[in-house]
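Let me begin by presenting the structure, written as structure tokens, before commenting on it.
Every number in this text was worked out from the coordinates using simple rules, so none of it is lab data. This one's a predicted model, so the numbers in the text were calculated from it and none came from an experiment. Methodologically, a virtual Cβ is constructed for each residue, glycine included, from the backbone with ideal geometry; neighbour enumeration extends over all protein chains shown.
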Amino acid sequence: MDRSVMEGCPHQVIEGLIIGAYAIQATEGIIYTRSDYSIAVRRLNMALEKARERGLLGENIGGTDFSFDIYVHEGMEAFIGGESTALMASVEGKRPFPKAQPPHSTEKGLWGKPTLLNNAETWATVSAILKKGADWYSSMGNDNAKGTKVWALSGNIKYNGLMEFDISTTFRQVIEDVCGGIAKKKELKVIHAGGVTGGFLPPSKADTPLDYESLLNEGVLMGQASFAAYDASACVIDLAKFSVGFNEAETCGKCTPCRIGLTLIKNKLDDISEGRGKLEDLDKLKSLCEEINVTALCGLGETAVKAVLTGIKYFRSEYERHIVDQTCDAARCTGLYKYVVKEEDCVACGACIKPCPTGAITGGTRKVAAHIDMDLCINCNAC
């Protein structure tokens, strides 16, 4: 979300920072962004130059004794760089390792001084609130939270993209009224809320509002403010493997729960999706995830296991079918299957040969039945 805000509304972000700086009489502001967000970096720097040209940044702004300037800090191209303490370490020129909190940034932040740290979307809302008033902003939302939030929507929905909603809007309202429902008139199976650090919710939870507290009560987080709605073609175990695998690759490696625990979880998920799982693995997975959730050093480790915890909580029967029946209803876990060609049914049309990426299929022409070389077959399901 922040990337899209920095690319599309750089002046709003800068205006919010100036207002915030004036409120606390700060003299320096820093916009931290990944170095690979080249469009955001370029547009922010252009907007900063425009602000300086118009006297909105620099010394004695507007003829007052208030002086303030902003610069863009290009950080590492890694997910962990967004964690607040790792982000500040990067700005200080140190290795971006997270630190235990407290103290929080408002007490001891950059270079040991109190630091006001917010994301770009928050800063971009400041000027609108100041112009239209707190009552206007508070008229949106519910008792848990006020205002709006930009979400990234994806999955098997008709219309996807970045959209801004009143924070009291429910998943169902977004999916049905805004996104046009599930594509091809299929049924909703699972909501993946919060991105790679989020979790899964069943259709029965579709009336959950999109505010922080309501999501937390259901065991998921807002995370990267993204959610995907899937039909029956999605497999919860397959989705969990992707999330855990991503977080395992992005961990800084500093704390044992995250560094080793996520690898153990990923291995267990591989076992379940490839036919080596056992029913007792589910309780072991749950216990391990809960342990990581409370012992990890930073928020990435705490939330990296949400996909597994909520998957077992709401979709345990799907895990059990993978283990007991060796079946993936969505046919995503190809490791559960062995592909063979029934000679009596093969019409030697050759249609299965071309899509095979490894050349494992031979025959299939001139009335010769196709044959699959299992040493070459990677169970990609392309045939």
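With 0.36 nm allotted per residue and the present C-alpha distance subtracted, the residue 67-residue 27 stretch has 13.8 nm of extension available. Assuming charge only on the beta carbon of Lys and Arg (+1) and of Asp and Glu (-1), the dipole of the stretch 236-325 about its Cα centre is about 160 debye to the nearest 20. Extension gain, residue 367-residue 49: 0.36 nm per intervening residue step, less the Cα-Cα distance, totals 107.3 nm. When all alpha carbon pairs of the stretch 61-124 are counted in 5 Å bins from zero, the resulting P(r) reads 4, 15, 22, 24, 17, 9, 5, 3, 1 %.
Give me the net charge for the shell around residue 70: Cβ to Cβ below 13 angstrom, other residues only, Lys and Arg +1, Asp and Glu -1. After counting each charged neighbour, the total is -2.
For the stretch 148-230, a Kirkwood radius taken over Cα pairs fed into Stokes-Einstein (25 °C, viscosity 0.890 mPa s) yields D = 201 µm²/s. Name the shape class, rounded, prolate or oblate, that the alpha-carbon gyration tensor gives for the stretch 338-383, where a ≥ b ≥ c are the square roots of its eigenvalues, rounded holds for a/c under 1.5, and otherwise prolate holds if a/b is larger than b/c and oblate otherwise. In terms of gyration-tensor shape, prolate. Measuring how big the stretch 236-325 is from its alpha-carbon positions, Rg and Dmax come out at 12.2, 39 Å.
Here the convex hull built on the C-alpha positions of the stretch 27-145 has a volume of 157 cubic angstrom per residue. Nearest 0.05, what FRET efficiency do residue 233 and residue 60 give at R0 = 45 Å with Cβ-Cβ as r? Between residue 233 and residue 60 the formula returns 0.15.
Per residue, the average separation of C-alpha pairs within less than 8 Å and at least 6 apart gives the stretch 131-212 a relative contact order of 26 percent. Loop-located trypsin sites (Lys or Arg not before Pro) in the stretch 309-354 (DSSP state other than H, G, I, E, B) with a sparse environment of at most 13 neighbouring Cβ atoms within 10 Å: 338, 342.
Residue 51 sits among other residues whose Cβ lies under 12 Å from its own Cβ, and their net charge, with Lys and Arg +1 and Asp and Glu -1, is -1.
Calculated FRET efficiency, residue 294 to residue 264, Cβ-Cβ distance, R0 = 22 Å: about 0.85 to the nearest 0.05. Between residue 92 and residue 106, the modelled label-to-label distance comes to 2.0 nm, taking each label 7 Å out from Cα in the direction of the beta carbon.
Just check the chain against the gyration tensor rule for me: Cα atoms, a ≥ b ≥ c as the square roots of the eigenvalues, rounded for a/c under 1.5, and otherwise prolate or oblate depending on whether a/b exceeds b/c. It is prolate, given that a/c is not under 1.5 and a/b is the larger ratio. Suppose R0 equals 41 Å. What FRET efficiency, 1/(1 + (r/R0)^6) with r the Cβ-Cβ distance, do residue 283 and residue 380 give to the nearest 0.05? Efficiency, rounded to the nearest 0.05: 0.80.
What the Cα atoms of the stretch 4-66 give is an Rg and a Dmax of 12.1, 37 Å. Note on residue 160 and residue 19: the model spin-label points, each 7 Å out from Cα along the C-beta direction, lie 3.3 nm apart. Length gained on full extension, residue 316 to residue 343: 5.9 nm, using 0.36 nm per residue less the C-alpha separation.
Dividing the mean sequence gap of close Cα pairs (under 8 Å, 6+ apart) by how many residues the chain holds gives a relative contact order of 11 percent.
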